[in-house]
Amino acid sequence: MQFFSKDDVTRLAPYEPLIQALATGLLEPIESPSRIVLNPNHDASAVLIMPAWKPNGIMGTKIVSIWPGNNAKGKPAVSAIYVVTSCDDGQTLAVIDGTELTLRRTAAAAALGAKLLARSNSKKLAVLGTGALSMAMVMAHRSVFDLSEIIIWGRSLENAQTVAENLSHSGISASATIDLQSALASADVVVAATTATQPFIRSDWVKPGTHLGLMGAFTPQMAEAEPELLPNVRLFVDSREAVLQKGGEVLQALRAGLIQGSDVRGELAELLSPSLNIVGRTSDQDITVFKSVGFASLDLIAAEYVLRDSYVYLDQ
């Protein structure tokens, strides 16, 4: 059995090839039942169990813990472990740091969605949120777009400045702000990665032509954008089944009668399929939204990419 640490995952899964691996892997057959959500404390904290497999190949099971209250304690809100099992003999082949795997595949999926849906000449990125995903989102989107400006928004200016300073250590210039309306007004691509339980992105603040990636709000009780925004956008999702069951503001908009299921114009694999010809953006004035709650196929594809040169993968 091999163990792949956070540093191993970072080294083995750079964003540009990982994004391409997701684009290719989502077109391959993967079996993935609905994730199991456990609430041991009967509050906002949760444990998710997310399996996926390729028959006669490998199975991956992610166990992810989400404790939103950790942010106030200076601890990560999300932690995870990923276990790889042989579908041939049931043996455990590898254990991967699931936290880094989740960060990288989430950021890669957001950037892939933006690549497919944002204006090709997009130059300005706003990242909403200052948690562990904030730097990952910048790195992933920089591998897709030639960015001239990066804005980090947070409720705490100090936290936003810390993210900007950490980016500067990697040679990336970014500014920090707590003025959300201004950030939305100047950005071509906006990506939100928070654990918000109340919407903070006002529908009248999102300007025509914007691409908005909503990567948080992974339960029905959470929301990053006002549900009232969704009737006025071209809406796409990572997984239709997962989002229509759990997707925060999408599910809330459905329940309020603001949109119908048919208003979800496509999911990530459908946008990638050359045979379906799903149209993403129809004009530079469209507001496109990519809503993601995460699904296990993304983890399996990312894990396979990490394992591609190891004996685990080569023996399959």
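Quick note: the coordinates plus some simple rules give every number you see, no bench work behind them. Remember, predicted model here, so these are calculated numbers, not experimental data. In this analysis, Cβ positions are derived from the backbone assuming ideal geometry, glycine residues included, and neighbour counts consider all displayed protein chains.
Neighbours of Ala225, meaning other residues whose beta-carbon lies under 10 angstrom from its beta-carbon, give a summed charge of -2 when Lys and Arg score +1 and Asp and Glu score -1.
What is the dipole size for the stretch 105-294, taken about its Cα centre, with +1 at each Lys and Arg Cβ and -1 at each Asp and Glu Cβ, in debye to the nearest 20? Present the calculation step by step, with values, prior to reporting the outcome.
Details: 16 positive and 18 negative charges, 50 e Å.
The calculation lands at about 240 debye.
Once you order the gyration tensor axes a ≥ b ≥ c over the Cα atoms, which shape class does the stretch 97-206 get: rounded for a/c under 1.5, otherwise prolate or oblate by comparing a/b with b/c? List each step's numbers first, then the result.
Values: a/c = 1.20, a/b = 1.06, b/c = 1.13.
Rounded is the answer for the stretch 97-206, as its axis ratio a/c remains below 1.5.
Within the shell of other residues whose beta carbon sits under 11 angstrom from the beta carbon of Ala176, the net charge comes to -3, with Lys and Arg scored +1 and Asp and Glu -1. Which percent, to the nearest 5, of DSSP beta bridges fully inside the stretch 73-192 are antiparallel? Close to 30 percent. Each other residue within a Cβ distance under 13 Å of Ile49 adds +1 if Lys or Arg and -1 if Asp or Glu, for a net charge of +1. Radius of gyration over Kirkwood radius for the stretch 1-152, both on Cα atoms: the Rg/Rh ratio is 0.99. With an a/c value under 1.5 for the gyration tensor axes a ≥ b ≥ c computed over the alpha-carbon atoms, the chain is described as rounded. Helix 98-117 axis versus longest C-alpha principal axis of the chain: approximately 50°, rounded to the nearest ten. Of all aspartates and glutamates in the structure, those lying under 13 Å Cα to Cα from Lys115, and not within fewer than 8 positions of it along the same chain, are Glu16, Asp146, Asp188. Averaging the sequence gap over all C-alpha pairs within less than 8 Å and six or more residues apart, then dividing by the number of residues, gives the chain a relative contact order of 18 percent.
Got a sec? How would Val144, Val95, Val83 order by Cβ neighbour count within 10 Å, fewest to most?
Numbers: Val144 22, Val95 15, Val83 18.
Listing Val144, Val95, Val83 from fewest to most nearby Cβ atoms yields Val95, Val83, Val144.
When a/c reaches 1.5 or more, the comparison of a/b and b/c decides; with that in mind, is the stretch 239-316 rounded, prolate or oblate per its Cα gyration tensor? Write down the numbers at each step before the final one.
Working: a/c = 3.14, a/b = 1.83, b/c = 1.72.
Cα axes put the stretch 239-316 in the prolate bin.
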